[in-house]
Amino acid sequence: MKRHKILLVIGDGLGDRPVKELGNKTPLQVANTENIEGLRNSMIGLMDPVGPGVRPGSDTSHLAILGLDPYVYYNGRGIFEALGAGAILNKGDVAFRGNFATVDEDMVIKDRRAGRNLSEAEELVRELNEIGEIMGVKVKFYRGTEHRVAVVLSGEELGEHVSDTDPHEEGLKVRQSTSMSQDVKDSRTAKVVNELTKKVHEILRESELNRRRQERGLPPANIVLLRGASSYKSFPSLSSRTGLNGACVTATAVIRGICRALGLETSTPPGATGGINTDYLSKGREAARLLKEKDFVLMHIKATDAASHDGLAKEKVRALEGIDRAMGQVLNQVGEEMVIGLTGDHTTPVELREHAGDPVPLLIYTPEIIVSDQFSHFDEIQARKGSLRIRGLDLMNLLLNYSNRGQLFGE
Ligand code: ZN
Ligand code: ZN
């Protein structure tokens, strides 16, 4: 039996609910997705990424889709953000997600994103990396996208059960981090975080870059707010669990980080932005290139989720059509001799503007003759009549099975 390659396309926040602006149709119903409909030999249906009714984050859901139970393996987003930003983590390192923000002299937050477009982020991160060490703990900052950073603490005896310094709201004071357990590791880590926050503010307050920002009427990036502490432990790689060597095409740091944690090669081709202005064909070309080298390629497209969070129904339709074009690009370059999975990591209904626990439409195409589902259009309504009804954790097994790569369980 021929072992097929596998392309898994994840439209972030793919599914939806009927939208008033679209005449009570869903964005998928309205979208022109001819390449997807061209995949006649497909099964369709619904997937609960984490579990029925569970509202997943992109991180927990991607872990499940890549075969790891998030209830066992997930302990916060910080480590994935850090890996996605290029950090090399060792066991016991504690990572945080961070934002450059603006505070006044009383440490009250004026702007959680320091104006959002922070063109000085790279240089500010360099200035902060002069700190080097706090209380014998190594500190390293990594630049994320826009105003985001990742911070990694390395040293003996660090804990991850510490509270955020980010109050998650403007008009409030920067919080003191506190230990959330009786463990001395956690109280020591909280102390390091508070010392670090003081030091960061001192450096940024004095920074020439911020003085120049203020001269131009821009809010100074004079603090880094920290949240989501998580401690690094290694994950069972995709190849050790499935035999697949894989790669991932994404422009989103946290997805890049998850894929790196699971041993996948990651790539962000030119023009891929992680937003609604992304270059879909560039992503398709890169996925096609990687499919020549790898058994498994995950092509992640964030635009659908970005449009949903902003409540932009028509942009979501355009993003779905972009996903269809990216898939068309792969099919043009690689042909139809592969197994294709197409789904979302969760639904993000545009009218809700946040993730929902609804099941996500799913399509599995196989080049071999099997019983396919009759459908004329890939959308939430037709997916309900399809034969698949699975959890995210089942998806890799289905893809392995239809690509003739499934391992025998028992004898
Ligand atoms: Zn997502
Ligand atoms: Zn989202």
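Would you mind classifying the stretch 81-231 by shape? Square roots of the alpha carbon gyration tensor eigenvalues, ordered a ≥ b ≥ c; an a/c under 1.5 is rounded, otherwise it is prolate if a/b is larger than b/c and oblate if not.
Note, shape of the stretch 81-231 comes out prolate.
Taking 29 Å as the cut-off for C-alpha to C-alpha distance, list the pairs among LYS302/LYS385; LYS91/LYS198; LYS294/LYS314; LYS233/LYS283 that go past it.
Listed pairs above 29 Å: LYS294/LYS314; LYS233/LYS283.
To check my understanding: the extent here is largest minus smallest coordinate of the Cα atoms along each principal axis. What are those three numbers for the chain, in Å, largest first?
Rounded to whole Å, the extents work out to 66, 54, 36 Å.
Would you pull out the residues with amide H under 5 Å of ALA114's amide H, same chain only if 5 or more places away, H placed 1.01 Å from N?
THR102
How much mean residue ellipticity at 222 nm does the chain get from its helices, if each DSSP H run of length 4 or more adds -39500 (n - 2.57) and you divide by all residues, to the nearest 500 deg cm²/dmol?
-9500 deg cm²/dmol
What share of all Cα pairs of the stretch 271-378, in percent, falls into each consecutive 10 Å distance bin?
Bin by bin from 0 Å, the calculated values are 14, 42, 34, 11, 0.
Could you tell me how far the Cα centroid of the stretch 228-253 sits from the Cα centroid of the stretch 120-134, in Å?
Measuring centre to centre over Cα atoms gives 28 Å.
Give me the orientation-averaged projected area of the Cα convex hull of the stretch 211-262, in nm², one decimal.
6.1
For the stretch 187-289, which trypsin sites (Lys or Arg not before Pro) pass both filters: DSSP loop (anything but H, G, I, E, B) and at most 16 other C-beta atoms within 10 Å?
For trypsin sites (Lys or Arg not before Pro) across the stretch 187-289 that sit outside H, G, I, E and B with at most 16 neighbouring Cβ atoms in 10 Å, the list reads ARG216, LYS233.
Under 23 Å Cα-Cα from LYS199, which lysines qualify once same-chain neighbours fewer than 8 residues away are excluded?
Within the straight-line limit of under 23 Å, LYS199 reaches these lysines: LYS110, LYS138, LYS140, LYS173, LYS185, LYS191.
Read-outs throughout are calculated quantities, based only on the coordinates presented, and are distinct from any laboratory measurement. Everything numeric in this text was worked out from a predicted model, so none of it was measured. Neighbour counts are summed over all protein chains in view; Cβ atoms, including those assigned to glycine, are modelled from backbone coordinates with ideal geometry.
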